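Written out below as structure tokens is the structure these notes cover.
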Amino acid sequence: MKYFFILGTNPTLSLAELAAVFNHGEFSLIQKNIAFLDIDYEIRANIIKKIGGTIKFGLIHSELNSITTKDILKSVVSFSKSEKKQSKFNFGFSYYGKSKIYPVNSSITGITPQSELSRGINLKILGMEFKKLLKLAGINSRWVISRAPTLSSVVVEQNKLVTDKGAEIVMIEFNKKLFLGKTIAVQPFKELSFRDYGRPARDDRSGMLPPKLAQIMINLALAPFLYQEEDWVKIVLDPFCGSGTIITEALLMEQFHSLVKDGIMKRFHLIGSDISDQAICNTKTNIEWIKKNYELQATSCELQATSCEPRATSCELRKIDATQISKQIQPNSVDAIITEPYLGPQRNGFEIAKVVKDLEQLYSKSLMEFKKILKPMGRIVMIWPVFQKKSLSSRSNASDRGNLTNANIKGSLSPNLSGFKIINPIPANLQKNIFLKLTARHTMIYGREKQRVWREIVVLEKHN
């Protein structure tokens, strides 16, 4: 089966996450923000709630070589009919490609049977003719339109185009062919916003990690475990838990086994620690809030627990200095560490060189401790700050945004990585793809417009 994925604003990070989650599949990146995946099992719709870097995904139903309006209509009708003729069927089109598109308000009329893709696709004609065909089949329909060639995830969700009463028909142009598919699910933007801005304990010092980035980090660290042919409980640690975003997002992934075709049970025991009493309190508050809003009654979370023995679907919180964490966590006991440590001041008026030096010392000491408690081949997904003279988003050359040697970057970190190696998270066949931007040391950069401090996402693996 062939699936399409519409990637987020950071295609490199999005693709790295997908490659971790579907490591048995074959990926191809056909446009900057579109990936195809060939895989031998069905992907369920609810996976969209567990992958933070994907805007929407769906199944490719047909591939057209001779591209005419009639060809498109014939193919679309075959997979887009409503099963409930008595109810209204909503549909909409999204086109991803470089060919000319005649918008819905186009004055061009009539269907030219030999109209090739190179001459353009008239969305108005396509929509009207599809509506007629549905009517002939006894299906009452409503055409959802947009000024843009593609429908946003908001439009798709609000108009119920990913239910049995609707369809978003996706047309993707690639290599002189047109791939036709149907969207299965869109990113749950309302839920992500709710968990980002609605959580009760949220402040600059405790951490402002976006939930979708936390999901990506979790997948980069834990997804490879899913393909182990056994039931297990893995111990996962966030040693700078802040306000608990990584812990709470991991709790919501307690049904991680739904990603795996064999249904083997996968569970995590989560440990959140921090040197700050306030951070522990904030994390505890946010965990209780998540449990209440998402009805996670089966989840237990103990404060200041004295043991880290694995227990299914559980977590514990401890006040620990990360630079001394091996005194309280058993050696070689932790499967993965996922964390955003203190990133330094987030506003102007500080000396970057001094901040970089201080953070390098903190991270180096912490990494030496992590090496003691991490299992052999254990993985760390960690964020390091990147300071620059001007925002990375303002650079004219997009390739500069992934280059840590660029003159616009005033400070980046190089902590001591003795005992670790940096993992390139991009599949080997895509590592030279022009759309993907890794730094010189195979890490990824993430940030928002006008930020002076961006995030460098680093994937580390412990040597034996």
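Would you please put 131-137, 367-373 in order of how densely packed they are, using the mean number of other Cβ atoms within 10 angstrom per residue and starting with the highest?
By packing density, highest mean first, the sequence is 367-373, 131-137.
Determine the gain in length on full extension of the stretch residue 276-residue 365; use 0.36 nm per residue of separation and subtract their C-alpha separation, reporting nm with one decimal.
Answer, rounded to one decimal: 30.3 nm.
Summing +1 for each Lys or Arg and -1 for each Asp or Glu, what net charge is found among the other residues whose Cβ lies under 9 Å from the Cβ of residue 184?
Net of charged neighbours comes to +3.
Given R₀ = 30 Å, FRET efficiency for residue 2-residue 137 by Cβ-Cβ distance, to 0.05?
Efficiency at R0 = 30 Å is approximately 0.65.
Quick one: if you stick a label point 7 Å off each Cα along the C-beta vector at residue 434 and residue 332, how many nm between them?
Label-label distance for residue 434 and residue 332, simple model: 4.9 nm.
Give me the 1.4 Å probe accessible area per residue for segment 127-175, excluding ligands and nucleic acids, in Å².
53 Å²
Test of understanding: what is the full-extension gain from residue 64 to residue 424, defined as 0.36 nm times their sequence separation minus their Cα-Cα distance?
Full-extension gain reported as 126.1 nm.
Provide the packing ranking of 51-59, 284-292, i.e. peptides ordered by the mean count of other C-beta atoms within 10 Å per residue, highest first.
So the order, starting with the most tightly packed, is 51-59, 284-292.
Could you calculate the FRET efficiency of residue 78 with residue 177 from 1/(1 + (r/R0)^6), where r is the beta carbon distance between them and R0 is 22 Å, rounded to 0.05?
The formula returns an efficiency of 0.80 here.
How fast does segment 177-237 diffuse by Stokes-Einstein, in µm²/s, taking the Kirkwood radius from C-alpha pairs at 10 °C and 1.306 mPa s?
My calculation gives 105 µm²/s for D.
If I stretch the segment between residue 28 and residue 288 completely, what's the gain in nm (0.36 nm per residue apart, minus their alpha carbon distance), one decimal?
Extra length available between residue 28 and residue 288 comes to 89.5 nm.
The values are calculated or read from the model by the stated rules, or taken from the named source; none is laboratory data. These figures come from a predicted structure and were not determined experimentally. We place every Cβ from the backbone using ideal geometry, glycine too, and count neighbours over all the protein chains shown. Keep in mind that these areas ignore ligands, DNA and RNA; they rest on the heavy atoms of the full protein, side chains included. Shrake-Rupley method; radii C 1.70, N 1.55, O 1.52, S 1.80 Å.
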